[in-house]
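The structure appears below as structure tokens.
No value in this document is a laboratory result; all are computed from the given coordinates. Predicted, not measured: the structure shown is a model, and the values here were computed from it. Virtual Cβ from ideal backbone geometry, glycine too; neighbours counted across all protein chains shown.
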Amino acid sequence: MKKKALIFGVTGQDGAYLSKLLLKKKYKVHGVKRRSSSLNTQRIDDFYLDPHQKTNFYLHYGDLSDSLSVLKIIEKVKPDEIYNLGAQSHVGVSFDVPEYTSNVTALGTLRILDSIRNLKMEKKVRYYQAGTSEMFGASKPPQSEKTNFYPRSPYAAAKLYSHWITINYREAYNIFACNGILFNHESPLRGETFVTRKIVIALCKILLGSSEKLYLGNLYSKRDWGHAEDYVLAMWKILQKNKPSDYVISSDKQYSVKYFVNLVCKELGIKIVWKGIGIKEKGFWNKKNIISIDRKYFRPTEVESLLGNSKKARKELNWKPKHNIKSLVKDMVNSEIKNLKSSRI
Ligand code: NAP
Ligand code: GDD
């Protein structure tokens, strides 16, 4: 019999890559999508066929802020594996909507775990929780499973609740529940307001003449960036082990936002020249100012430096990323240019 997976957050970047992977592994994939006034299934349209045709991919309306919908979907689907990728996942936005972020990103996790318990599915279901390097926040890099947490945003604090409630339900009720502590991962499907995708879109548009300028915030924060395609494989591997455990997933390399801009410029043949310091720092191309700083993109508390140590995952899961920062940039740039050119036609 085919294994059944249920994905909360199926319409997001990771939801799309994970669905693709699981369909390839012959799973029946069920996804939870929330009601929205405009289409939110663009990332999964490739394999979301008309439900009247034969398919292994099914969508259900639900919302992590609605306990009843969560419980009913789990009861109906009876999954072997649940991946909780659903979240208000933007760190900057979490300062604007802290209560909503906590409700969905923290309590949403509790709603799933408690549904498993209420439905007496503790022995049947394996649960994956999408944890984050943001939980390390201000802790000194490199960060591993042994590093102390020090969250620096409502988002990170909410994810920390999810981390511990996952461990608590594992210990209290013997649920096969695991945390993946994933460092930043990007792709052509990355949300447009996260810094990598924002940079790629803006610079491609500037090159093609459909935009003039890119405004950014902190150019000097450092991140450990990987490719989403590699990271969803790690999620699946975490749930295939004999014993549940928590794993850091990262590239173990670190670059600044400015370095990422420079790489994208290089890939596009834009010769960028930086002048000025602090808030007045600017990027020029052919003497034209194409990048400036806007204070509104700074966060009340910033996470300055994230760098993973993923030794445990590499050893126990036999996991290793295929991509590096250059192949990630290439993939994102090529796909954006293709998108922009086809939207012109
Ligand atoms: P994403 O693109 O922002 O996707 C988030 C998903 O959650 C979307 O499908 C979204 O639906 C859904 N969602 C939001 N609010 C919901 C609600 N109230 N009820 C049900 N679903 C809801 O995020 P991602 O980059 O794929 O990341 C996946 C998960 O990993 C997230 O939990 C994120 O916090 C975590 N994470 C991400 C990274 C990273 O670098 N990407 C690193 C560590 C951890 P809509 O499409 O309708 O908005
Ligand atoms: N979004 C954004 N927009 N970030 C900017 C900008 C800008 O214009 N300018 C500079 N930055 C800086 C942010 O201040 C941050 O230090 C860094 O770029 C990365 O920002 P994001 O791409 O928004 O990602 P994030 O690191 O805050 O959070 C992402 O990764 C986490 C894992 O560490 C999200 O995907 C989270 O959901 C995830 O948990």
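For R344 and N118, a Förster radius of 56 Å and the Cβ-Cβ distance give a FRET efficiency of 0.60, rounded to the nearest 0.05. Here the spin labels are modelled as points 7 Å beyond Cα on the Cα-Cβ line, and at K271 and K253 they lie 2.6 nm apart. With a cut-off of 8 Å between alpha carbons and a minimum separation of six or more residues, what is the relative contact order of the stretch 9-118 in percent? For the stretch 9-118, the relative contact order is 27 percent.
Fewest neighbouring Cβ atoms within 10 Å first, the residues H227, H52 line up as H52, H227. If the chain linking N40 and N334 were pulled fully straight, counting 0.36 nm for each residue of separation and taking away their Cα-Cα distance, it would gain 103.5 nm. Simple spin-label estimate for F95 and Y61 gives 3.6 nm between the two label positions (7 Å along the Cα-to-Cβ direction from each Cα). What residue among P244, G209, Y220 has its Cα farthest toward the positive end of the dipole of the stretch 139-244, where the charges are +1 on Lys, Arg and -1 on Asp, Glu, each on the Cβ? Final value for the positive-end residue is Y220.
Around the amide H of Y127, modelled in the peptide plane, lie the amide H atoms of I82, F176, A177, C178, all under 5 Å away and 5 or more residues distant in sequence or on another chain. Helical runs assigned H by DSSP (4 residues or longer) give the chain a calculated mean residue ellipticity at 222 nm of -11500 deg cm²/dmol, each run adding -39500 (n - 2.57) before division by the residue total. Across the stretch 187-307, the convex hull enclosing all Cα atoms gives 123 Å³ per residue.
Pairs from the table (K3/K322; K159/K322; K146/K237; K275/K320) lying more than 32 angstrom apart at Cα are K275/K320. Over the chain, the fraction of Cα-Cα pairs per 20 Å bin, rounded to whole percents and listed from the shortest bin up, is 30, 58, 12, 0. Distances between placed amide hydrogens fall under 5 Å for Q143 paired with L307, G308, N309, all partners being 5 or more residues away or on another chain.
Pull out a ≥ b ≥ c, the square roots of the eigenvalues of the alpha-carbon gyration tensor of the stretch 28-85, then state rounded if a/c is under 1.5, prolate if not and a/b is larger than b/c, and oblate in the remaining case. Oblate shape, in that a/c is at least 1.5 and b/c is the bigger or equal ratio.
3J(HN,Hα) couplings calculated from phi for the stretch 6-22 with the Karplus curve 6.51 cos²θ - 1.76 cosθ + 1.60 (θ = phi - 60°) are, in sequence order, 10, 10, 8, x, 5, 7, x, 3, 5, x, 5, 5, 5, 4, 4, 4, 5 Hz; Gly and Pro show x.
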